[in-house]
Amino acid sequence: MHHLSLENESEVTLEPTLPAIASVVLLHGLGADGWDFVPIVEELRLPDALPVRFVFPHAPLRPVTVNAGYVMRAWYDITSFTPEGRADAAGLAESVERVNGYLEQEAARGIPASRIVLAGFSQGGAVALSRACGSASDWRACWRSPPTSPSLPASRPRNQRRTPTCRS
């Protein structure tokens with residue numbers, strides 16, 4: 001499948017040459033950016049008959065406390081390496097709201113929730129999982145890797161209990 005690469009200050013989007021029938025929103029880890037996952041699309045070897053849009057958001061630039069306040073792309077601050085300090089709730093909530101915007105954008109483009117995959121790696125995985133656990137939408141998949149995350153909602157909405165969630 002061939003894609004047209006589109007970039008702005010917030011994300012990289014790989015738009016299929018045919019109208020998209022599904023979308024993948026993939027969130028990177030701490031210190032990376034959306035470009036880090038672009039090469040994976042070719043490795044998937046999707047057939048030409050399966051036009052999938054890929055959206056790779058860039059986390060905002062912010063100081064990260066455990067990295068001596070160094071400004072880097074981060075979905076939320078990490079204040080310490082303890083479970084309590086792993087993420088700031090306000091930063092995580094801000095990132096979840098940003099992800100909501102991407103998911104709503106895909107829905108507005110005509111992609112049903114059942115054909116949107118939200119995925120993430122490391123910090124991005126924590127944001128994706130937090131979004132999925134707090135969602136009342138009919139998402140079909142949420143993937144995160146590796147299994148490190150801040151505090152997440154203890155319970156999932158009823159319709160989310162059947163959502164396949166893969167953890168590595």
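The values are calculated or read from the model by the stated rules, or taken from the named source; none is laboratory data. None of the values given here were measured: they were computed from a predicted structure. Backbone-built Cβ (ideal geometry, glycine too); neighbour counts: all protein chains shown.
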ask   = When you go through (1) touching a strand residue (DSSP E or B) at 6+ places or on another chain (Cβ under 8 Å); (2) at pLDDT below 55; (3) under 15 Å from residue 29 (Cα atoms) one by one for residue 123, which number turns out not to apply?
value = (2)
message = If I ask for residues that are surrounded by 15 or more Cβ atoms within 10 Å (Cβ to Cβ) and either closer than 17 Å to residue 25 by Cβ or out of contact with any helix residue (DSSP H, G or I) (no Cβ under 8 Å at 6 or more places or on another chain) (or both), which ones from region 77-92 would you list?
response = 86, 88, 91, 92
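Quick one: in region 1-31, of everything that is charged (D, E, K, R) and in contact with a Gly (Cβ under 9 Å, 6 or more places away or on another chain), which residue is nearest to residue 103 (Cα to Cα)? First the steps, then the outcome.
Of all residues in region 1-31, those charged (D, E, K, R) come to 7, 9, 11, 15.
Restricting the remaining residues to those that are in contact with a Gly (Cβ under 9 Å, 6 or more places away or on another chain) gives 7, 11.
Details: 7: 18, 11: 13 Å.
For region 1-31, the residue satisfying everything is 11.
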ask   = Which one of the conditions (1) free of Cβ contacts under 8 Å to residues at least 40 places away in the same chain; (2) among the small types (Gly, Ala, Ser); (3) crowded, with 18+ Cβ neighbours inside 10 Å does residue 69 fail to meet, given that it meets all the rest?
value = (3)
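Yes or no, residue by residue, for (1) surrounded by fewer than 15 Cβ atoms within 10 Å (Cβ to Cβ); (2) within 30 Å of residue 80 (Cβ to Cβ); (3) touching a helix residue (DSSP H, G or I) at 6+ places or on another chain (Cβ under 9 Å):
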| residue | (1), (2), (3) |
| --- | --- |
| 40 | yes, no, no |
| 43 | yes, no, no |
| 50 | yes, no, no |
| 54 | no, no, yes |
| 58 | no, yes, yes |
